[in-house]
1. If the cut-off is a Cα-Cα distance under 18 Å, which lysines reach residue 53, setting aside same-chain residues fewer than 8 apart in sequence?
2. Work out from phi, with θ = phi - 60° and the Karplus expression 6.51 cos²θ - 1.76 cosθ + 1.60, the ³J(HN,Hα) of each residue of the range 180-193, listed in order in whole Hz, and give x for Gly and Pro.
3. Mind running the shape call on the chain? Use the C-alpha gyration tensor, a ≥ b ≥ c as the square roots of the eigenvalues: rounded below 1.5 for a/c, prolate if a/b tops b/c, oblate otherwise.
4. Dimensions of the range 221-312 along principal axes (Cα, Å, largest first)?
5. In nm, give the distance between the simple-model label positions of residue 305 and residue 85, each being 7 Å from the Cα along the Cα-to-Cβ direction.
6. Which shape class applies to the range 141-246: rounded if a/c is under 1.5, otherwise prolate when a/b exceeds b/c and oblate if not, where a ≥ b ≥ c are the square roots of the Cα gyration tensor eigenvalues?
7. About the Cα centre of the range 188-260, what is the dipole size in debye to 20, counting +1 per Lys and Arg Cβ and -1 per Asp and Glu Cβ, all else neutral?
8. Please compute the length gained on full extension between residue 234 and residue 220, using 0.36 nm multiplied by the number of residues separating them and subtracting their Cα-Cα distance.
Amino acid sequence: MTIDVQSLFNTITKLKDNLGKVIIGKDRSIDLVIVGLLCQGHLLIDDVPGVGKTVLARSLAKSIDCEFKRIQFTPDMLPSDLTGVSIYNQKNNEFEFKSGPLFAQIVLADEINRATPKTQSALLEVMEERQITVDGISYTLEAPFMVLATQNPIEYEGTFPLPEAQLDRFLMRFRMGYPSLTTEINILSMQQLSHPIDSISSVLNLADIRVAQEQIKQVHISDAVKRYIVEISRATREHEDVYLGASPRGSLGLLRTAQARAILEQREYVIPDDVKDLAIPVLAHRVVVQPSARIQEIKPETIIEEILKTVPVPMQS
């Protein structure tokens, strides 16, 4: 498949502009969501309530005309509440499968860390293999399938930290943050009479998204940049303040997201700046800091920034 950079860029711009009608002043967050969609990855939005996480997920689903489901995670939720359950039908003497809310295309897992580890584990298969297995029968989900999970980084009471295996399945983690003064005033004006999400319509269809997802893979990335990606990941594993570094899945995620960012910049090839720009959202949540470093309040993001300053950047040819 040959890549048409201009056509692909125009497709992405349509989506970006449509999301920008609802999510004001958050171009970085919109870019990361689009990159995640193009790379067929899942996103973890780690932020306080009320900054637009749910609206962003709903706007994305509406913009690409796909099925959206929102799941409110709670401590009493069971895995079957997500995947579905087989119910015995007395009329025909057979078990019938009733699908759960994971059978959608854009799934918002709201406050994912409020569910128990047993329930969280129900997401492992579906996030990695895009299929759900219930009673020995596997059900393949329709593409595109994307999980946008949220968690509150401030409130820890009644929460269960996400295990490393779960975190590693998220392509990126980021925060939206509070809007600026001017942006917040604009939000008040825009929503005074109605919510802007009610007025947007789909600008792309599922076929457009699937084509874009395949074309992204064709973006050229040199061996030197591939080596640069691996050296950054390996540096996280060898850092003295790190207990557990980024996995090879993290390296692959950095490669894929760099390819998508290149298209956002209207390029058909990846440069080191693409890698540097996405290193923190792709790798930081995969890094577990040593207890001694945690006491000193050393954060994974700080370690990634330090690594980016020390790993030699390949020369562009």
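Laboratory data are not the source of any read-out in this text; all were calculated from the coordinates shown. From a predicted model like this one, the values you see are computed outputs, not experimental measurements. For neighbour counting, all protein chains shown are included, and Cβ atoms are generated from backbone atoms with ideal geometry for every residue, glycine included.
1. 16, 21, 26, 62, 69
2. For the range 180-193, the Karplus curve yields 6, 4, 4, 5, 5, 5, 5, 4, 4, 5, 5, 9, 4, 9 Hz.
3. On the way: a/c = 1.39, a/b = 1.21, b/c = 1.15.
In terms of gyration-tensor shape, rounded.
4. Principal extents (largest minus smallest coordinate, Cα): 44, 22, 21 Å.
5. 4.8
6. Values: a/c = 1.98, a/b = 1.30, b/c = 1.53.
Note, shape of the range 141-246 comes out oblate.
7. Numbers: 8 positive and 8 negative charges, 54 e Å.
The calculation lands at about 260 debye.
8. Working: separation 14, 0.36 × 14 = 5.04 nm, distance 2.26 nm.
Length gained, residue 234 through residue 220: 2.8 nm.
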